[in-house]
Amino acid sequence: MLSILRMMVGLLYMEHGLAKVLGFPLQPNHAPYALFNLNPGLQGLLELVGGLLLVLGLFTRTVAFILAGDMAVAYFMAHAPRGFFPLLNGGELAIVYCFVFLYFWVAGGGEWSLDRLRAPASSSALSPSRA
């Protein structure tokens, strides 16, 4: 289930990046973003590339840590000034993403990840022996 959660969250996160970078899917309440404008353009690239890496399960822990920090900053910069309650300030999704990314940072990419394929075969030697 960890791998399925990672892939689905990565795909959904990529969708936010696609909307910011390419304007697709069009967000009805948002103006189009300039590609390399500091705020949405770079944020969109981070969402697009970070989401893709999560889908692939490549560098999962590092990417998840960066994205969790990104979502925490996004919440406190964009949502918290609008009010205390996340339901009213629109920050629920940023909070959910932040904590799911923290979970991926702790748990890793799961069975179906490129990280698992990249792991050395001797990594099982780190587990306690059954002697």
Practice task
Could you tell me whether any residue of the stretch 108-115 is farther than 22 Å from LEU22 by Cβ, at pLDDT 95 or above and not in a loop (DSSP other than H, G, I, E, B)?
Solution key: yes
Fill in the blank from the handout: ALA72 meets each of (1) modelled with pLDDT under 95; (2) under 18 Å from MET14 (Cα atoms); (3) out of contact with any Lys or Arg (no Cβ under 9 Å at 6 or more places or on another chain) with one exception, condition (1)
Problem - Matching residues in the stretch 19-42 - criterion: being modelled with pLDDT under 75 and buried (at least 19 other Cβ atoms within 10 Å of the Cβ) - result: PRO40
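Conditions (1) without any contact (Cβ under 8 Å) to a residue 40 or more places away in the chain; (2) of a type in the set (Ser, Thr, Tyr); (3) surrounded by fewer than 20 Cβ atoms within 10 Å (Cβ to Cβ), marked per residue:
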residue	(1), (2), (3)
GLY44	yes, no, no
LEU52	no, no, yes
VAL55	no, no, yes
PHE59	no, no, yes
THR62	yes, yes, yes
ALA68	yes, no, yes
ALA72	yes, no, yes
TYR75	yes, yes, no
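The values are calculated or read from the model by the stated rules, or taken from the named source; none is laboratory data. Just so it is clear, the model here is predicted, and its values are computed rather than measured. A quick note on method: Cβ atoms are made from the backbone with ideal geometry, for glycine too, and the neighbour counts reach across all protein chains shown.
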